[in-house]
Amino acid sequence: MVEKILANLEKSSCAVDNTFLQAVSEVLHSLESVVDSDPRYDAYAILERLVTPDRVIQFKVQWVDDQNHVQINNGYRIQFNNALGPYKGGLRFHPSVSIGVLKFLAFEQIFKNSLTGLPIGGAKGGSDFDPKGKSDFEIMKFCRAFMRELHQYIGARIDVPAGDIGVGSREIGYLFGEYKRITHQYDGVLSGKPYAFGGSLMRPQATGYGVVYFAREMLNVELQESLEGKVCTVSGAGNVAIHTIEKLQQIGALVVTCSDSDGTIYDPKGIKLNVVRELKEEGKRLSLAEYAKLDPEAVYTPKAQYPQDAHAVWQIPCFAAFPCATQNELSLLDAQKLIENGCVAVVEGANMPTETGAIELFLQEGILFSPGKASNAGGVAVSEFEMSQNASMEKWDFDKVDRKLDELMRQIYKRVSLTAKESGRERNFVDGANIAAFKRVAEAMLLEGV
Ligand code: NDP
Ligand code: 2IT
């Protein structure tokens with residue numbers, strides 16, 4: 001059944017859907033034995049319905065830049081599945097954004113949100129707008145123009161967007177301001193808002209901290225190991241990478257790398273987060289090449305120096321690796337190098353950063369591998385905490401959110417590892433995550449009828 005669905009999907013997809021097909025293929029292969037075990041899944045076409053988005057919304061975003069030139073971008077929102085709760089997922093502003101990329105992200109979000117155990121469905125949106133080099137006013141004007149279209153499709157109980165690549169609390173603030181002006185409503189229609197108007201404490205830190213809480217639990221239970229004193233490599237230099245590095249450093253790990261779209265920094269004495277923040281803070285987005293100019297002990301490797309199918313950041317020996325930049329940034333060659341260098345765990349902070357062949361190798365070689373839908377779910381979980389706080393007009397303190405996040409990440413780990421074990425695939429957290437997430441969504445879909 002799985003092969004038939006994949007073949008149909010391939011036939012009806014276009015070339016830009018590659019990442020979507022990659023994500024669907026991984027999930028459906030995990031589910032093969034599960035779908036055969038319950039005739040209701042076939043009778044109610046659960047898989048076919050699950051791989052088809054409820055709605056693909058595309059709109060024109062027109063705005064005027066600082067030189068008074070008219071600019072036009074494509075805007076999108078993909079509402080994939082709301083069986084478990086309102087559509088929920090981030091907005092990505094990056095030139096590579098297309099319907100195919102957003103379909104993969106929205107599809108993954110269904111499973112991630114299900115794993116949190118919270119009442120949220122799956123969605124994703126964004127634009128091919130490139131924030132790099134834009135002034136603060138241009139970002140504001142773009143966000144306002146984007147929301148002029150988006151507002152009609154979202155709502156606190158309908159669809160609640162948040163941030164992702166290129167969208168942080170500044171952008172969410174501008175989007176929220178415009179939503180409020182248009183609709184006269186002050187409600188939790190977006191998460192990741194600035195604290196001043198309804199944002200949750202710890203939302204900026206949540207994804208990265210959650211990644212480390214998950215890794216800590218997994219290493220402790222599976223290997224009776226801790227991260228203290230261990231060398232770790234992290235890719236990316238944005239929200240997820242920075243907060244992953246911050247938490248790893250707080251618990252005593254030595255993080256020796258970070259990277260951006262132009263190159264990689266290797267700093268054997270430990271990444272200096274104040275320097276990364278200084279270069280990458282909102283509105284600046286300077287290249288990491290500047291890091292090496294400020295710190296002579298650090299080595300900068302430009303991306304251009306590396307062949308397409310290998311990445312400098314994964315050549316550095318480490319105990320645990322944390323890909324936190326973007327999709328397909330860790331290849332089979334990288335996986336071979338990591339294993340050769342003694343890496344014991346790969347914990348995804350980004351969405352689908354590891355290529356399929358690399359995942360297969362990690363599983364085959366007994367490397368602890370955690371898929372992003374499990375280990376990066378802390379971000380969307382705290383988004384849901386923000387929705388709860390907004391609905392009840394409460395404000396939770398930092399420690400309360402942090403405690404709840406830590407507890408939730410440990411629960412996700414438990415759910416995923418137990419499901420893997422019960423399915424006869426011990427330590428296969430890819431299958432464990434896909435199966436556990438699927439069962440919850442499928443049950444809700446069965447209960448609500450067609
Ligand atoms: P940011 O925009 O804050 O940072 C993205 C980082 O990745 C930047 O360092 C950027 O480099 C780098 N990057 C982006 N595209 C590429 C590319 N094509 N090649 C190499 N590097 C690239 O985004 P986030 O940190 O929020 O997101 C990172 C990942 O985490 C994404 O996969 C996202 O979907 C995922 N994620 C994010 C969550 C969140 O709460 N924000 C929650 C869960 C997952 P540069 O500085 O040069 O632009
Ligand atoms: O990929 C993700 O989980 C996010 N970008 C965060 C989504 C959210 O709604 O907080």
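The values are calculated or read from the model by the stated rules, or taken from the named source; none is laboratory data. All values derive from a computational prediction rather than experimental measurement. Ideal geometry is used to build each Cβ from the backbone, glycine not excepted, and the neighbour counts take in all protein chains shown.
Working only within the range 428-446, note down all residues that are farther than 19 Å from G85 by Cα and either among the aromatic types (F, W, Y) or not in a helix (DSSP H, G or I) (or both).
Answer for the range 428-446, where residues must be farther than 19 Å from G85 by Cα and either among the aromatic types (F, W, Y) or not in a helix (DSSP H, G or I) (or both): N428, F429.
Residues that are surrounded by 15 or more Cβ atoms within 10 Å (Cβ to Cβ) and part of a strand (DSSP E or B): does the range 29-52 have at least one?
no
Let's see how each residue does on (1) away from ligand 1 (no atom under 15 Å from the Cβ); (2) part of a helix (DSSP H, G or I); (3) over 24 Å from R285 (Cα atoms); (4) modelled with pLDDT under 95:
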{"residue": "K103", "(1), (2), (3), (4)": "no, yes, yes, no"}
{"residue": "I139", "(1), (2), (3), (4)": "no, yes, no, no"}
{"residue": "V160", "(1), (2), (3), (4)": "no, no, yes, no"}
{"residue": "E171", "(1), (2), (3), (4)": "no, yes, no, no"}
{"residue": "F176", "(1), (2), (3), (4)": "yes, yes, no, no"}
{"residue": "R181", "(1), (2), (3), (4)": "yes, yes, yes, no"}
{"residue": "Y186", "(1), (2), (3), (4)": "yes, no, yes, yes"}
{"residue": "S191", "(1), (2), (3), (4)": "no, no, no, no"}
{"residue": "P204", "(1), (2), (3), (4)": "no, yes, no, no"}
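Select, from M140, M202, the only residue that is closer than 25 Å to D260 by Cα and under 18 Å from the mean Cα position of the chain (by Cα).
Details: M140 fails: under 18 Å from the mean Cα position of the chain (by Cα).
One residue alone meets the criteria, M202.
Which of the helices (runs of 4 or more DSSP H) contained wholly in the range 305-406 include at least 3 residues that are more than 22 Å from the chain's Cα centre (by Cα) and surrounded by fewer than 23 Cβ atoms within 10 Å (Cβ to Cβ)?
Details: elements: 332-340, 356-364, 372-375, 378-392.
Filter on the range 305-406 gives 332-340, 378-392.
Sort through P302, P268 and tell me the only one that's within 13 Å of ligand 1 (Cβ to nearest atom) and farther than 17 Å from G208 by Cβ.
The match here is P302.
Go through the range 342-397 and count every residue that is aliphatic (A, V, I, L, M), more than 20 Å from V160 (Cα to Cα) and away from ligand 2 (no atom under 14 Å from the Cβ).
Within the range 342-397, residues that are aliphatic (A, V, I, L, M), more than 20 Å from V160 (Cα to Cα) and away from ligand 2 (no atom under 14 Å from the Cβ) number 10.
If you take the residues in the range 237-258 that are within 16 Å of ligand 1 (Cβ to nearest atom) and among the polar types (S, T, N, Q), which one is farthest from the chain's Cα centre (by Cα)?
From the range 237-258, those within 16 Å of ligand 1 (Cβ to nearest atom) are 237-248, 255, 257-258; that's our starting set.
Right, trim to among the polar types (S, T, N, Q) and you get 239, 244, 257.
Details: N239: 11, T244: 13, T257: 20 Å.
Among them, the one singled out is T257.
Quickly run through the range 95-118 and pick out the residues that are in contact with a Leu (Cβ under 9 Å, 6 or more places away or on another chain) and either more than 13 Å from ligand 2 (Cβ to nearest atom) or hydrophobic (A, V, I, L, M, F, W, C) (or both). If you could, list the steps in order and put the result at the bottom.
Let us first name the residues in the range 95-118 that are in contact with a Leu (Cβ under 9 Å, 6 or more places away or on another chain), namely 100, 104, 107, 110, 113-114, 116-118.
Those that are in contact with a Leu (Cβ under 9 Å, 6 or more places away or on another chain) and either more than 13 Å from ligand 2 (Cβ to nearest atom) or hydrophobic (A, V, I, L, M, F, W, C) (or both): G100, F104, F107, I110, G117, L118.
Which ones in the range 105-137 are in a helix (DSSP H, G or I) and either touching a Phe, Trp or Tyr at 6+ places or on another chain (Cβ under 8 Å) or over 25 Å from G85 (Cβ atoms) (or both)? Step through it out loud before you land on a result.
First pass over the range 105-137, keeping only residues in a helix (DSSP H, G or I): 105-115, 136-137.
Residues satisfying the conditions are A106, F107, Q109, I110, F111, S114, D136, F137.
Does any residue of the range 283-297 turn out to be farther than 23 Å from G173 by Cβ and part of a strand (DSSP E or B)?
Just the residues of the range 283-297 that are farther than 23 Å from G173 by Cβ, to begin with: 287-297.
Those left that are additionally part of a strand (DSSP E or B): none.
No, the range 283-297 contains no residue that is farther than 23 Å from G173 by Cβ and part of a strand (DSSP E or B).
Hey, can you tell me all the residues within the range 126-144 that are under 15 Å from E178 (Cβ atoms) and within 16 Å of ligand 2 (Cβ to nearest atom)?
S127
Look at L150 and say whether it is touching a residue at least 40 places away in the same chain (Cβ under 8 Å) and either closer than 18 Å to F59 by Cα or assigned to a loop (DSSP other than H, G, I, E, B) (or both). Quick ask: steps written out before the conclusion?
Numbers: touching a residue at least 40 places away in the same chain (Cβ under 8 Å): yes; either closer than 18 Å to F59 by Cα or assigned to a loop (DSSP other than H, G, I, E, B) (or both): yes.
For L150, the condition - touching a residue at least 40 places away in the same chain (Cβ under 8 Å) and either closer than 18 Å to F59 by Cα or assigned to a loop (DSSP other than H, G, I, E, B) (or both) - is met.
Take the range 91-100 and flag every residue that is more than 10 Å from ligand 1 (Cβ to nearest atom) and surrounded by fewer than 24 Cβ atoms within 10 Å (Cβ to Cβ).
Within the range 91-100, S98, I99, G100 meet the criteria.
Taking the conditions exactly as written (in contact (Cβ under 8 Å) with a residue 60 or more places away in the chain, of a type outside the set (K, R), under 23 Å from S12 (Cα atoms) and crowded, with 21+ Cβ neighbours inside 10 Å), does V61 satisfy them or not?
Numbers: in contact (Cβ under 8 Å) with a residue 60 or more places away in the chain: yes; of a type outside the set (K, R): yes; under 23 Å from S12 (Cα atoms): no; crowded, with 21+ Cβ neighbours inside 10 Å: yes.
No.
Counting only residues that are in contact with a helix residue (DSSP H, G or I) (Cβ under 8 Å, 6 or more places away or on another chain) and surrounded by 24 or more Cβ atoms within 10 Å (Cβ to Cβ), which one in the range 80-90 is farthest from R440 (Cα to Cα)?
Per the criteria, the residue is G90.
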